[in-house]
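Q: Structure in structure tokens, see below.
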Amino acid sequence: MTRTPVAEILKSESAAETALVQGWVRTKRDSKAFSFIEINDGSCLSNLQIVADATLDGYDESVLPLTTGASVSIEGKIIPSQGKGQQWEMQATSVTMLGEAESDFPLQKKGHSMEFLRSIAHLRPRSNLFGAVFRVRSRMAYSIHRFFQERGFLYVHTPIITGSDCEGAGEMFRVVTTAGEEIKLGDDEFFGDPTYLTVSGQLEGETFACALSNIYTFGPTFRAENSHTSRHASEFWMIEPEIAFCDLNQDMDLAEEMLKFLVSDVLESCAEDLQFFDRFIDKGLIERLEWVRDRKFERVSYTEAVELLQKSGQTFEYPVEYGANLQSEHERYLTETHFQCPTTVYNYPKEIKPFYMRRNDDGKTVAAMDLLVPGIGEIVGGSQREERLTILRENMKEHDLQEDDYWWYVDLRRYGSVPHAGFGLGFERLLMFVTGVANIRDVIPFPRTPGSADF
RNA sequence: UCCUCUGUAGCUCAGCGGUAGAGCGGGUGGCUGUUAACCACUAGGUCGUUGGUUCGAAUCCAACCGGAGGAGCCA
């Protein structure tokens, strides 16, 4: 007999004579004549309740010793439940314990701290919360591919080991070989020149957009910033579409359309998990997501945003002045207090943005945009790229960059250059936004942060 | 890198200068349908580490190690 996922059994439309379920015991309640066993196999948030009569063959050996965390294989009938709280349950005809859980199994039915669960990252997917988070993570990854594939975008695998520096993206990890315990640097470079773990696939992505028109990347990126916050990790996943024949407005349109698509999909496909988050993690989550799905996003230029913040009458810890980056508190005011919805800020001063962003006609700003969401801040950052050779060269000079280091990037402007634009979406930030989970370490299976790379 | 908080049983925590506690989890027994089941009994701890103050330290002090929150940087 083949295993039926718990999710499928719970969706049954009629009783069944026989079925096989396999999973892990979440809880067991014994009485004199029978035991209730709740098992979970990760296929959905809910457990399946199993009723095992004390008269069952092998009851003493295979049912009584079961504790939370043990793995089981159970055959039985699917019948309507006599109790409240679930529609279907299984009347066991055979219970086999596959693996016992020793008495110090750390997951209990009462609440755990998130810090403790991080220390058992190998077991936390067996908890309700992390099961739900990683089901949503999987669905969102699928949904991102679907969004781009349905629109004719090609998926490009940009390199993870790279010699190029996507300037402005942050500190990099160096890639070296080992000879025993000795780390080789300098003359013995494996690749001839120094290499790093990628901080962004954007520059390589542009080369493919300038050939295949619409592309996207979706892969891991690495930042060696010594950041200690709930929103930063040293290894995270990023989605970077790059679109040829595209300006900043179309770029912003795409980013907003994508976010609405993803939110709409998670509301539909992960309803049970979202209800769990809404109830235990972030009250009001579903209402907020529905709002994002249904409402138009706001859009303001950087200059307007600065004026708006200055006129707000709010006192900020950091002063608002033209030419400075918007601080977390400023972004928060815009999305959470002023507009109360996702907001795209565009046309930033060129001094605070990287060399590849396209200079606007005013000579002062570049065609950059940040999509800000309540609670998280920046979730998307993008720009129209500078496609004019002479201006790109000027920008590189102003940023003290050597053209030789970017020769192939410059070449794109020498051979059939086209207007193009793109953006980066932090996958974990998206997950924090749609699940309400407050810490990035809790939406990635095995988080890497400064000082911590366990598992 | 800066600022702040924190470390006691498998877990969540109380104890804050005078013999180490509770709830949950585990074990044993009980209970005719339970839903974070319930009732009784029971095992379980070098109080993060090292040093200091004291007649006496989980408790006060210092350093170190681990964890967290915020800022900056960014996604």
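The values are calculated or read from the model by the stated rules, or taken from the named source; none is laboratory data. Please read all numbers here as calculations on a predicted model, not as lab measurements. So basically every Cβ, Gly included, is an ideal-geometry build from the backbone, and we count neighbours across all protein chains shown. Accessible surface is based on the protein model in full, side chains and every heavy atom, while ligands, DNA and RNA are left aside. Shrake-Rupley method; radii C 1.70, N 1.55, O 1.52, S 1.80 Å.
Every residue, every condition in (1) in the same structural domain as A:Lys28 (by TED's automatic domain parsing); (2) more than 19 Å from the chain's Cα centre (by Cα); (3) open to solvent by 50 Å² or more (accessible area, probe 1.4 Å), yes or no:
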position	(1), (2), (3)
A:Glu75	yes, yes, yes
A:Gly85	yes, yes, yes
A:Val95	yes, yes, no
A:Lys109	no, yes, yes
A:Arg118	no, no, yes
A:Arg146	no, no, yes
A:Phe153	no, yes, no
A:Ser164	no, yes, no
A:Thr177	no, yes, no
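Q: Okay, moving on. Give the residues of segment A:45-101 that are in a strand (DSSP E or B) and β-branched (Val, Ile, Thr), sorted by residue number. Even if it seems obvious, please write down each step before you answer.
A: Step one: of segment A:45-101, the residues in a strand (DSSP E or B) are A:48-53, A:71-80, A:88-99.
Those that are in a strand (DSSP E or B) and β-branched (Val, Ile, Thr): A:Ile50, A:Val51, A:Val72, A:Ile74, A:Ile78, A:Ile79, A:Thr93, A:Val95, A:Thr96.
Q: List every residue pair whose Cβ atoms sit under 6 Å apart, with the two residues 6 or more apart in sequence or on different chains, where the first one lies in segment A:91-116 and is at pLDDT 90 or above and the second, anywhere, is near RNA strand B (Cβ under 6 Å from one of its atoms).
A: From residues that are at pLDDT 90 or above, the pairs are A:Gln91/A:Val51.
Q: Return yes when A:Phe218 is of a type in the set (Phe, Trp, Tyr), modelled with pLDDT of 95 or more, within 16 Å of RNA strand B (Cβ to nearest atom) and surrounded by 17 or more Cβ atoms within 10 Å (Cβ to Cβ) and no when it is not. It would help to see each step written out before you state the result.
A: Working: of a type in the set (Phe, Trp, Tyr): yes; modelled with pLDDT of 95 or more: yes; within 16 Å of RNA strand B (Cβ to nearest atom): yes; surrounded by 17 or more Cβ atoms within 10 Å (Cβ to Cβ): yes.
So A:Phe218 passes the test.
Q: Specify the residue that is least open to solvent (accessible area, probe 1.4 Å); the eligible residues are those in segment A:31-66 that are of a type in the set (S, T, N, Q) and within 12 Å of RNA strand B (Cβ to nearest atom).
A: A:Ser35
Q: If the Cβ limit is 7 Å and pairs must be 6+ apart or interchain, which residue in segment A:271-289 that is assigned by TED's automatic domain parsing to the domain that holds A:Gln340 pairs with which residue that is charged (D, E, K, R) and modelled with pLDDT of 90 or more?
A: A:Asp273/A:Arg135; A:Leu285/A:Asp278; A:Ile286/A:Asp278
Q: With respect to A:Phe261, is the statement that it is of a type in the set (A, V, I, L, M, F, W, C) and open to solvent by 10 Å² or more (accessible area, probe 1.4 Å) true?
A: For A:Phe261, the condition - of a type in the set (A, V, I, L, M, F, W, C) and open to solvent by 10 Å² or more (accessible area, probe 1.4 Å) - is met.
Q: Please specify each residue of segment A:371-397 satisfying the condition of being surrounded by fewer than 19 Cβ atoms within 10 Å (Cβ to Cβ) and among the hydroxyl-bearing types (Ser, Thr, Tyr).
A: Matches in segment A:371-397: A:Thr390 only.
Q: OK, next. Residues in segment A:398-443 that are in a helix (DSSP H, G or I), of a type in the set (A, V, I, L, M, F, W, C) and either over 16 Å from A:Arg358 (Cβ atoms) or open to solvent by 60 Å² or more (accessible area, probe 1.4 Å) (or both): how many?
A: So the count comes out to 9.
Q: Separate question: Scan A:Thr344, A:Thr315, A:Thr365 and give me the residue that is polar (S, T, N, Q), more than 14 Å from RNA strand B (Cβ to nearest atom) and buried (at least 17 other Cβ atoms within 10 Å of the Cβ).
A: After applying the criteria, what remains is A:Thr365.
Q: Those residues that are touching a residue at least 40 places away in the same chain (Cβ under 8 Å), in contact with a Ser or Thr (Cβ under 7 Å, 6 or more places away or on another chain) and open to solvent by 60 Å² or more (accessible area, probe 1.4 Å), I need them from segment A:290-312; list them, please.
A: Within segment A:290-312, A:Glu298, A:Arg299 qualify.
Q: Looking at A:Pro80, A:Pro106, can you tell me which residue is within 10 Å of RNA strand B (Cβ to nearest atom) and under 24 Å from A:Val136 (Cβ atoms)?
A: It is A:Pro106.
Q: Continuing with this model, one more query. On the basis of being assigned to a loop (DSSP other than H, G, I, E, B), open to solvent by less than 60 Å² (accessible area, probe 1.4 Å) and free of Cβ contacts under 8 Å to residues at least 60 places away in the same chain, does A:Gly323 make the cut?
A: Working: assigned to a loop (DSSP other than H, G, I, E, B): yes; open to solvent by less than 60 Å² (accessible area, probe 1.4 Å): yes; free of Cβ contacts under 8 Å to residues at least 60 places away in the same chain: yes.
Yes; evaluated as a whole, the condition is true for this residue.
Q: Additional query: Name every residue in segment A:355-387 that is touching a Lys or Arg at 6+ places or on another chain (Cβ under 7 Å) and of a type in the set (D, E, K, R), in order of residue number.
A: A:Arg358, A:Arg359, A:Lys364, A:Arg385, A:Glu386, A:Glu387 - these are the residues of segment A:355-387 that are touching a Lys or Arg at 6+ places or on another chain (Cβ under 7 Å) and of a type in the set (D, E, K, R).
Q: So which of A:Arg414, A:Arg385 ends up being within 15 Å of RNA strand B (Cβ to nearest atom) and among the basic types (Lys, Arg)?
A: The match here is A:Arg385.
Q: Taking only segment A:324-341 into account, find how many residues are in contact with a Ser or Thr (Cβ under 8 Å, 6 or more places away or on another chain) and aliphatic (A, V, I, L, M).
A: The qualifying residues number 1.
Q: Let me ask you something else. Please find, among A:Phe173, A:Phe236, the residue that is open to solvent by 50 Å² or more (accessible area, probe 1.4 Å) and modelled with pLDDT under 95.
A: None of the other options fit; the residue is A:Phe173.
Q: Please specify each residue of segment A:417-450 satisfying the condition of being within 6 Å of RNA strand B (Cβ to nearest atom) and either within 30 Å of A:Arg388 (Cα to Cα) or over 9 Å from the mean Cα position of the chain (by Cα) (or both).
A: Result: A:Gly424, A:Gly426, A:Asn439, A:Arg441.
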